[in-house]
Amino acid sequence: MMVKTPNTYSLVRGASEGRTRLNAFDKALLQAGVGDTNLMRMSSILPPAAEEVSVDSIQFPKGGLVPLAYATIDGNTPGRLISAAIAVGIPEDDREPGVIMEFEDHANLDNVEEIVRQMVVDGFEYRNRKLKEIKSFGIEHKIETCGAVFAAAVLWYK
Amino acid sequence: MMVKTPNTYSLVRGASEGRTRLNAFDKALLQAGVGDTNLMRMSSILPPAAEEVSVDSIQFPKGGLVPLAYATIDGNTPGRLISAAIAVGIPEDDREPGVIMEFEDHANLDNVEEIVRQMVVDGFEYRNRKLKEIKSFGIEHKIETCGAVFAAAVLWYK
Amino acid sequence: MMVKTPNTYSLVRGASEGRTRLNAFDKALLQAGVGDTNLMRMSSILPPAAEEVSVDSIQFPKGGLVPLAYATIDGNTPGRLISAAIAVGIPEDDREPGVIMEFEDHANLDNVEEIVRQMVVDGFEYRNRKLKEIKSFGIEHKIETCGAVFAAAVLWYK
């Protein structure tokens, strides 16, 4: 096999203004606690029996390669709302994988989080897999000059 | 070195409707046989002498990190056609790497597959590398409400 | 841990025309010296004390998985200018990570490179980290038919 399958996950979020979109995104990553790592974005499955841990309890190697699934949206229209949310569906059978969904929009967080939770329900339904619990996490931000929001499920090891 | 270089590849495809674009994509991944893994998208080179295997013969770790190259397109305009295709060029000299190309469009599959095959021809030509064979694979779908197509070369190990 | 953290970096660039956008990009990768690898794009942090090496001194495994951060832009409007630049900020304290920024635009390279360097300054400022040096590298290209530019910081091992 290639890379060891992660066995923990952490839900994180950040929102920020910046001089450019990438700077706003970078600051949102710092706020989320993953700003000094190299994030590897993946399509989004929760490994079986993965354990939820606080991101603060993890000492990521500086500049280390960290797999994650994320929602993000940025913009530079003052006054516009941006929201990003992540949802994790935990299966009843912990030998099965869970589903991670991400969604972002120019909308308030309630709307975005409702959609991303429904996406998890759908993902379990067409997998014919029983859903035990959904955890969701997100953030909303009103753009001042140039802003970004970020919500993620970070996968890691213990 | 970092990560072991893969030595097999599998051509896969899927098409689906879903309530959101990400759900349609997720269902297309399930149909393609890679829906319960964490896909890591990469720029697209076939390792030397990689062997083609059926995706059904692979037991991916659930939630495991799987490298691949893919074409995808989604949309929510009822009646529009979407097609995605992948092509793999095998070199005459099996000590050399091959080339993987991906293409997607609002067009029928014949057109998309013809273009992606030509892309492989071009990739070998400007590498001054002799081309033994092209394998291509793709899928077309007429959008009902919200649809996605997906065609990929999945890299793995044996 | 998952994947060994890289300890070298190389600044590379390429510009090319091609029959399709992906072919133009692929040729730009070849020109940059990374065209026969599988590039894994990441968010962009320089591991502490990473050493700069020439890409020509690296023997990448053919088809191997190579982590990097990059800027790219392509287009097919004859006569338009495209530029991509990468900048790396080295911290005074070599136990801290550096910051890699990428930027691309329809503009000349001077403009793009000035912006990407400022992005590094900002990234250090809001990290409260002392900046020792910025290295930047980029490329500009006037589109003939269908062109792409690419500038990257490739991470690797020694």
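Return yes when residue B:26 is of a type in the set (Asp, Glu) and open to solvent by less than 30 Å² (accessible area, probe 1.4 Å) and no when it is not.
yes
Scan (1) at negative phi; (2) over 14 Å from the mean Cα position of the chain (by Cα); (3) free of Cβ contacts under 8 Å to residues at least 40 places away in the same chain for the single condition residue C:63 breaks and write down its number.
(1)
Working only within the stretch C:42-54, note down all residues that are facing another protein chain (nearest Cβ under 8 Å) and not polar (S, T, N, Q). Working first, answer last.
Pass one, the stretch C:42-54, residues facing another protein chain (nearest Cβ under 8 Å): C:42-48, C:50.
Within the stretch C:42-54, C:42, C:45, C:46, C:47, C:48, C:50 meet the criteria.
Give the residues of the stretch B:1-27 that are of a type in the set (A, V, I, L, M, F, W, C), closer than 28 Å to residue C:64 by Cβ and more than 14 Å from chain C (Cβ to nearest Cβ), sorted by residue number.
The initial filter retains those residues of the stretch B:1-27 that are of a type in the set (A, V, I, L, M, F, W, C), namely B:1-3, B:11-12, B:15, B:22, B:24-25.
With the extra rule that they be closer than 28 Å to residue C:64 by Cβ, the set shrinks to B:1-3, B:11-12, B:25.
Residues satisfying the conditions are B:11, B:12, B:25.
Please work out which one of (1) away from every other protein chain (no Cβ under 11 Å); (2) free of Cβ contacts under 8 Å to residues at least 40 places away in the same chain; (3) closer than 20 Å to residue A:101 by Cβ is the condition residue A:57 fails and give its number.
(3)
Of the conditions (1) under 27 Å from residue B:99 (Cβ atoms); (2) within 12 Å of chain A (Cβ to nearest Cβ), residue C:30 fails just one. Which one is it?
For residue C:30, the exception is condition (2).
Any idea which of (1) in contact with an Asp or Glu (Cβ under 8 Å, 6 or more places away or on another chain); (2) more than 15 Å from residue B:50 (Cβ to Cβ); (3) within 14 Å of chain C (Cβ to nearest Cβ) is the one residue B:148 doesn't satisfy?
Answer for residue B:148: the failing condition is (3).
The values are calculated or read from the model by the stated rules, or taken from the named source; none is laboratory data. Worth saying up front: this structure is predicted, and the values here are computed from it rather than measured. Every residue, glycine among them, receives a Cβ derived from its backbone with ideal geometry; neighbour counts consider all protein chains shown. Ligands, DNA and RNA are stripped out before the accessible areas are found, and what is left, the full protein with its side chains, is counted by its heavy atoms. Shrake-Rupley method; radii C 1.70, N 1.55, O 1.52, S 1.80 Å.
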